[in-house]
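K.L.:
Sending over a structure as structure tokens; questions will come in a sec.
The values are calculated or read from the model by the stated rules, or taken from the named source; none is laboratory data. None of these values were measured; they are calculated from a predicted model. Don't worry about glycine lacking a Cβ; one is built from the backbone with ideal geometry, like all the others, and counts go over all protein chains shown.
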Ligand code: TYD
Ligand code: MG
């Protein structure tokens, strides 16, 4: 046995032989703590791998044939680009209480794959209670309450326990007796992950691990965790709403462009077929400051409702608040409205809200944000049954959007009559039912915005 003591930055995982006040890597203060690493000479994974180190000609290398196994969760398949790859490690990250355990327990108990669900967070009884609520279909789903990695490996070393998929809830509760650092510390997380990685590659079993997120949206634990695994998925949404989005941040075996949409209900998560119906209220009324836009997430267009409230500032400094929209972008749009449209918003409070608890980054929302702010500041409702799609530039120009035809078809399907788009957009669709209003600047938008 050889003991080694290092100081590790608990924010980014940077190691140093002495304590430092400020991390040279992530520049955070007082994040270093001492961790003792006990390395057993007799490591269970220290089988020497004899690997030739001669380079091969690219044309001589046989293309691997990754057989992706489709899971029973169609949204997850879409996000992972068709399914899980045997021998890969997937990290699922998200805020506490967002539904990570629910999502993966559902995958375990409703699928057809022989699955082992290892939980260090909840007891067997708690898991059973939740499973009963969701409905158990998989007869080959096993539950294990364990947090010591070596015990998990000793169970799995039995050939009869040949699971195809292992789910680990969560990496922060797992520990290895190879390392003396406390559970949840950077060294523990990194060591456990690297041992799991070797295990997955050796046995060709897929492992999905759950990781918590810190307040500022980082995966708790070193960034290195994201580099080690094959795929990183983020589960996001607002806990007060039912709508959830599963995004792929990294995927070594496929594209990361698609997203999964779920709705949290009493029986767990269900796939959302028509997101537009959830995100805008059925009784959407033309009130002042309310407008609709069509954004793209992955390959799917869906409608969102934007609400703005503009009022005289009560305090000296006007307030600007944005829910689900970038505050800096809102300030930029307000500056453009002031300079190019002559609106005096400098002394006004502006509150912006995207309905449904979702966060939108698609710039196509700009036009709808501007329309809502204009409507609220003049106290006039917007032209009935209208939708707004377009990015707004610093000169007040309305810029064209990608996939405009797809978006317009969705708007039409949802029964809207007018759609405001940039005059530069080239359309290759034949729509008679919907009235397309081309605008080149926000001044032009203002002229057409209200009922005449
Ligand atoms: P959970 O999966 O425990 O979140 P995480 O593992 O990300 O911390 O789920 C949290 C919430 O989901 C919990 O507050 C209750 C809610 N929930 C439902 O609304 N319906 C359900 O059927 C289940 C299982 C959970
Ligand atoms: Mg959980």
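K.L.:
Filter region 415-430 down to residues that are surrounded by fewer than 17 Cβ atoms within 10 Å (Cβ to Cβ), in contact with a strand residue (DSSP E or B) (Cβ under 9 Å, 6 or more places away or on another chain) and within 21 Å of residue 383 (Cα to Cα), then give me how many there are. I'd like the intermediate steps shown before the answer.
P.N.:
Of all residues in region 415-430, those surrounded by fewer than 17 Cβ atoms within 10 Å (Cβ to Cβ) come to 415, 417, 423-424, 426-430.
Still in the list and also in contact with a strand residue (DSSP E or B) (Cβ under 9 Å, 6 or more places away or on another chain): 417, 423-424, 427.
Going one step further and asking which of them are within 21 Å of residue 383 (Cα to Cα), we end up with 417, 423.
The number of residues fulfilling the criteria is 2.
K.L.:
Can you find a residue that is under 27 Å from the mean Cα position of the chain (by Cα), at pLDDT 90 or above and loosely packed, with under 14 Cβ neighbours inside 10 Å anywhere in region 117-126?
P.N.:
Yes: one or more hits.
K.L.:
Mind checking which residues of region 362-402 are farther than 22 Å from residue 311 by Cα, in a loop (DSSP other than H, G, I, E, B) and either touching a helix residue (DSSP H, G or I) at 6+ places or on another chain (Cβ under 9 Å) or free of Cβ contacts under 8 Å to residues at least 12 places away in the same chain (or both)?
P.N.:
Matches in region 362-402: 389, 390, 393, 394, 395, 396, 401, 402.
K.L.:
From 134, 113, 89, grab the single residue that is within 13 Å of ligand 1 (Cβ to nearest atom) and touching a residue at least 24 places away in the same chain (Cβ under 8 Å).
P.N.:
Details: 113 fails: within 13 Å of ligand 1 (Cβ to nearest atom); 89 fails: within 13 Å of ligand 1 (Cβ to nearest atom).
Residue meeting the stated conditions: 134.
K.L.:
Within region 67-116, count every residue that is in a loop (DSSP other than H, G, I, E, B) and away from ligand 2 (no atom under 16 Å from the Cβ).
P.N.:
Going through region 67-116 one residue at a time, the tally reaches 18.
K.L.:
Ok, one more. Right, residue 305: within 16 Å of residue 288 (Cα to Cα), out of contact with any helix residue (DSSP H, G or I) (no Cβ under 6 Å at 6 or more places or on another chain) and at pLDDT below 95 or not? Even if it seems obvious, please write down each step before you answer.
P.N.:
Numbers: within 16 Å of residue 288 (Cα to Cα): yes; out of contact with any helix residue (DSSP H, G or I) (no Cβ under 6 Å at 6 or more places or on another chain): yes; at pLDDT below 95: yes.
The answer is yes for residue 305.
K.L.:
Look through 195, 188, 178 and report the one residue that is without any contact (Cβ under 8 Å) to a residue 24 or more places away in the chain, within 27 Å of residue 31 (Cα to Cα) and surrounded by 15 or more Cβ atoms within 10 Å (Cβ to Cβ). Quick ask: steps written out before the conclusion?
P.N.:
Working: 195 fails: without any contact (Cβ under 8 Å) to a residue 24 or more places away in the chain; 178 fails: without any contact (Cβ under 8 Å) to a residue 24 or more places away in the chain.
That would be 188, the only listed residue that is without any contact (Cβ under 8 Å) to a residue 24 or more places away in the chain, within 27 Å of residue 31 (Cα to Cα) and surrounded by 15 or more Cβ atoms within 10 Å (Cβ to Cβ).
K.L.:
Same structure, new question: Residue 337: out of contact with any helix residue (DSSP H, G or I) (no Cβ under 8 Å at 6 or more places or on another chain), under 13 Å from residue 392 (Cβ atoms) and part of a helix (DSSP H, G or I), yes or no? Write out each step before concluding.
P.N.:
Working: out of contact with any helix residue (DSSP H, G or I) (no Cβ under 8 Å at 6 or more places or on another chain): no; under 13 Å from residue 392 (Cβ atoms): yes; part of a helix (DSSP H, G or I): yes.
In short, no.
K.L.:
Something else now. Looking at region 92-103 only, could you name the residues that are near ligand 1 (Cβ under 8 Å from one of its atoms) and under 25 Å from residue 153 (Cβ atoms)?
P.N.:
100, 101 - these are the residues of region 92-103 that are near ligand 1 (Cβ under 8 Å from one of its atoms) and under 25 Å from residue 153 (Cβ atoms).
K.L.:
OK, next. If I go through region 130-146 residue by residue, how many of them are part of a helix (DSSP H, G or I), over 27 Å from the mean Cα position of the chain (by Cα) and within 15 Å of ligand 2 (Cβ to nearest atom)?
P.N.:
The first filter runs over region 130-146 and keeps only residues part of a helix (DSSP H, G or I), leaving 130-134.
Still in the list and also over 27 Å from the mean Cα position of the chain (by Cα): 132.
Pick out the ones that are also within 15 Å of ligand 2 (Cβ to nearest atom) and you get none.
Number of matching residues: 0.
K.L.:
Please determine, by comparing only the residues of region 151-172 that are over 17 Å from residue 90 (Cβ atoms), in contact (Cβ under 8 Å) with a residue 12 or more places away in the chain and part of a loop (DSSP other than H, G, I, E, B), which one is nearest to ligand 2 (Cβ to nearest atom).
P.N.:
Among residues in region 151-172 that are over 17 Å from residue 90 (Cβ atoms), in contact (Cβ under 8 Å) with a residue 12 or more places away in the chain and part of a loop (DSSP other than H, G, I, E, B), the one nearest to ligand 2 (Cβ to nearest atom) is 161.
K.L.:
Another question about this same structure. Go through region 222-271 residue by residue and tally those that are free of Cβ contacts under 8 Å to residues at least 60 places away in the same chain and touching a helix residue (DSSP H, G or I) at 6+ places or on another chain (Cβ under 7 Å).
P.N.:
2
K.L.:
Let me ask you something else. I'd like the full set of residues that are under 24 Å from the mean Cα position of the chain (by Cα) and at positive phi, limited to region 169-211.
P.N.:
Within region 169-211, 184 is the sole residue that qualifies.
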